[in-house]
Amino acid sequence: KLTSRDSAAPHARHPHKIIYDPKGRLETASDTVLAALFESTDPKGPIVYWCTGHSVKAPGKKLAKYQDRLVHLPVVVLGDWDKLFIGLSLKHKERYGYELQSIFVEGGSQLLTLLMRADQLDACHIFVRAGVLGGSKHRIGQLHRGENPSRDLMERDDYRLLATQQIEDDVLIECVHGQYDFWK
């Protein structure tokens, strides 16, 4: 289900949703998926930012009924995170009068690794099934596609492990970028 989690009090509102979709595959999503994605969005409140590559010129017919709740940003160049985040912030300021202050990212190991490599994460909470934590084959924060220059999350010297906790069948790993010392 493609929905963001509810924000905690005192805000108690749904956050804006950012879909990182370089190839524009949102157009092919089922009606059920689109309904879930746009649930709790409206023109005056939280909206969906659809970030695609430049080849996707505009939303098609399937997304037309959501046009008042969708902002299309054809700015995705894989690895050019600064351009993406600046584009998001400018569109947000244009619509709401203030810039984005932080982004909560939900994604898989590929997105997490790309953001870490680009030094775009301040902190991360990673939920992992307990069975994949050990061994050399099942590491967190790796891309399993051909040559893999990424390092295992626990071997990185730029992120500090703050805490781990088992929550039912998952393990939560909480890390913070080394540039911050307020947790020391």
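Give, in nm to one decimal, the length gained when the segment between Ser89 and Arg129 is fully stretched (0.36 nm per residue of separation minus the Cα-Cα distance).
11.0 nm is the gain from fully extending Ser89 to Arg129.
Given Lys61/Lys93; Lys23/Lys93; Lys62/Lys93; Lys17/Lys93, which pairs have Cα atoms separated by over 23 Å?
Over 23 Å Cα-Cα: Lys61/Lys93; Lys23/Lys93; Lys62/Lys93.
What is the ratio of the Cα radius of gyration of the range 17-96 to 2.2 N^0.38 Å, where N is its residue count, to two decimals?
1.04
A short reminder: the numbers here are calculations on the coordinates, not readings from a lab. Because the structure is predicted, anything quoted here is derived from the model rather than measured.
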